[in-house]
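**Q** This is the structure I want to talk about, given as structure tokens.
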Amino acid sequence: MNKLWKYTQYGYIVVAIVLLIDAVTRWSTDRNQAYFSIVFAIFITAIFFFKRWFRRKIEKKNSERK
């Protein structure tokens with residue numbers, strides 16, 4: 001299960017990149033939607049780093065038990 005989590009966390013980065021591309025394409029037509037995409041991309045990136053930190057913490061804890 002840990003291997004699956006290790007790879008699925010990169011899905012957050014993919015979503016953040018897609019949102020940033022969406023923001024760039026909407027910038028000239030709808031700035032409010034572009035700002036929303038940028039803020040959401042930052043939020044998703046923060047989730048990625050938090051989940052990565054938490055996963056490493058759990059892995060370290062599990063390796064110390066063995």
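The values are calculated or read from the model by the stated rules, or taken from the named source; none is laboratory data. What you see is a predicted model, and the numbers here were worked out from it, not measured in a lab. Glycine also receives a Cβ, built like all others from the backbone with ideal geometry; neighbour counts cover every protein chain displayed. Heavy atoms of the whole protein, side chains included, go into the accessibility calculation; ligands, DNA and RNA do not. Shrake-Rupley method; radii C 1.70, N 1.55, O 1.52, S 1.80 Å.
**Q** May I ask you to order 46-53, 13-20 by the average number of other C-beta atoms within 10 Å around their residues, highest value first?
**A** 13-20, 46-53
**Q** Something else about it: Cross-link partners among aspartates and glutamates for Lys6, C-alpha distance below 17 Å, same-chain residues fewer than 8 apart left out?
**A** Once the sequence-local aspartates and glutamates are set aside, what remains near Lys6 is Glu59.
**Q** If one takes the longest principal axis of the Cα atoms in the chain, at what angle in degrees, from 0 to 90 and to the nearest 10, does the Cα axis of helix 31-65 lie?
**A** Approximately 0 degrees, to the nearest 10.
**Q** Along Cα→Cβ, 7 Å out, is where each label goes; now give me the distance between the ones at Asn32 and Lys61 in nm to one decimal.
**A** 4.3
**Q** Viscosity 0.890 mPa s, temperature 25 °C: what is the translational diffusion coefficient of the chain from Stokes-Einstein with a Kirkwood Rh over Cα pairs, rounded to a whole number of µm²/s?
**A** D = 185 µm²/s.
**Q** Would you mind working out the accessible area per residue for the chain, using a 1.4 Å probe, and quoting it in Å²?
**A** That works out to 83 Å² per residue.
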